[in-house]
Amino acid sequence: MSSLPVLQVDMRNRPVTDWQTSFWVAFLLSIVTCGIYWIYVLYKLLDRRLQHFERMASFRQHLIEVLKERAAAAGKGEALEQDISQLEGINLEATARDRAGDKSPVLWLILSIVVGVIVYYVYYFLNDDFRAHEANEARFMGKASEIMAQLGIPQQPITPAMVVPERKFITYLILSIVTCGIYGIYWTYTIVIDPNNHFDVHAAWEAQLETALMAGEQS
């Protein structure tokens, strides 16, 4: 049985795991509700990080299985064994990084409410984790594209764009303190919009990958 349908399930789950919101709508509703709505938004930001990372751990593993099956069917299992082994190594590193530490949404939301300054650490790892995730993802898909090319699967190289910039935690923290929290509004904007952009990029290259694999299935 082909692993492609299982991989497609991972793709279909994208609207569920990759939640997006408008910063300005969230900001205005938070003002109107005296901050209560922001508690909900912060939980969703933490939860979408967890859900997206877990979806992609499943996605990467199932893509590896699809490529193994295609290699075996093409009689190239032995020839591509080292390449696929390298891909598996990248996947292990990416998954370990994504799951490093206890980033429970409920735990960190409660800590942020009880000890207000904790929210700055939450802002830090929401940026840092997504940036590392994105870099590992680019490595993984670059290698997967090489293997697909060797299998004769028609496609342009899939190179997910790096859209989550490195944001200097100390700089953002100092500026937020010096401006009495005003700069923190911009910081808040970044932790909403950066993953939004990451998810938009995902929608494009996942569609490209699915098209290529479906064409490869029929050829």
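The values are calculated or read from the model by the stated rules, or taken from the named source; none is laboratory data. Because the structure is predicted, anything quoted here is derived from the model rather than measured. So basically every Cβ, Gly included, is an ideal-geometry build from the backbone, and we count neighbours across all protein chains shown.
Looking only at residues in the range 15-38 that are surrounded by fewer than 16 Cβ atoms within 10 Å (Cβ to Cβ), in a helix (DSSP H, G or I) and of a type outside the set (V, I, T), which one is farthest from the chain's Cα centre (by Cα)?
L28
Being surrounded by 19 or more Cβ atoms within 10 Å (Cβ to Cβ), within 22 Å of P160 (Cα to Cα) and charged (D, E, K, R) is the filter here, so list the residues in the range 56-96 that pass it.
Hit for the range 56-96 is R60, nothing else.
Looking at (1) surrounded by 14 or more Cβ atoms within 10 Å (Cβ to Cβ); (2) modelled with pLDDT of 95 or more, which is the one condition that is false for Y186?
(1)
So that you can scan it fast, the table gives a plain yes or no per residue for (1) more than 14 Å from the chain's Cα centre (by Cα); (2) surrounded by fewer than 19 Cβ atoms within 10 Å (Cβ to Cβ):
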position	(1), (2)
L126	no, no
A138	no, yes
G142	yes, yes
Q156	yes, yes
V192	no, no
L213	yes, no
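Pairs needed: first member in the range 22-41, touching a residue at least 60 places away in the same chain (Cβ under 8 Å); second member anywhere, of a type in the set (F, W, Y); C-beta distance under 6 Å; at least 6 residues apart or different chains.
As it stands, the answer is F23/Y189, since those pairs meet every condition given.
Please go through the range 115-127 and give me each residue that is outside any helix (DSSP H, G or I) and of a type outside the set (G, A, S), ordered by number.
Those that are outside any helix (DSSP H, G or I) and of a type outside the set (G, A, S): V115, V117.
If you check every pair at least six apart or on different chains, which have Cβ atoms under 8 Å apart with a residue in the range 142-170 that is touching a residue at least 12 places away in the same chain (Cβ under 8 Å) and assigned to a loop (DSSP other than H, G, I, E, B) first and a residue that is basic (K, R) and surrounded by 16 or more Cβ atoms within 10 Å (Cβ to Cβ) second?
L151/R70; L151/K76; I153/R70; V164/R131; P165/R131; E166/R131
Please work out if S58 is out of contact with any Cys (no Cβ under 7 Å at 6 or more places or on another chain), among the hydroxyl-bearing types (S, T, Y) and modelled with pLDDT under 95. It would help to see each step written out before you state the result.
Details: out of contact with any Cys (no Cβ under 7 Å at 6 or more places or on another chain): yes; among the hydroxyl-bearing types (S, T, Y): yes; modelled with pLDDT under 95: no.
The answer is no for S58.
Take the residues of the range 73-112 that are of a type in the set (K, R) and without any contact (Cβ under 8 Å) to a residue 60 or more places away in the chain: which is farthest from Y43 (Cα to Cα)? Spell out the reasoning first.
So the first thing to find is which residues in the range 73-112 are of a type in the set (K, R), and the list is 76, 97, 99, 103.
So of that shortlist, the ones also without any contact (Cβ under 8 Å) to a residue 60 or more places away in the chain come out as 97, 99, 103.
Details: R97: 21, R99: 18, K103: 11 Å.
Within the range 73-112, the match that is farthest from Y43 (Cα to Cα) is R97.
From the list L213, L126, which residue is modelled with pLDDT under 95, in contact with a helix residue (DSSP H, G or I) (Cβ under 8 Å, 6 or more places away or on another chain), of a type in the set (A, V, I, L, M) and closer than 23 Å to N13 by Cα? If you could, list the steps in order and put the result at the bottom.
Details: L126 fails: modelled with pLDDT under 95.
Matching residue, one of L213, L126: L213.
Take F169 and tell me if it is of a type in the set (F, W, Y), within 30 Å of Q208 (Cα to Cα) and surrounded by 13 or more Cβ atoms within 10 Å (Cβ to Cβ).
Values: of a type in the set (F, W, Y): yes; within 30 Å of Q208 (Cα to Cα): no; surrounded by 13 or more Cβ atoms within 10 Å (Cβ to Cβ): yes.
Judged against the criteria, F169 is not a match.
Under the condition of being assigned to a helix (DSSP H, G or I) and among the charged types (D, E, K, R), which residue from the range 86-114 is nearest to I36 (Cα to Cα)?
Start the filter on the range 86-114 by keeping residues that are assigned to a helix (DSSP H, G or I), which leaves 86-98, 105-114.
Remaining after also requiring among the charged types (D, E, K, R): 88, 93, 97-98.
Working: E88: 43, E93: 38, R97: 32, D98: 29 Å.
Within the range 86-114, the match that is nearest to I36 (Cα to Cα) is D98.
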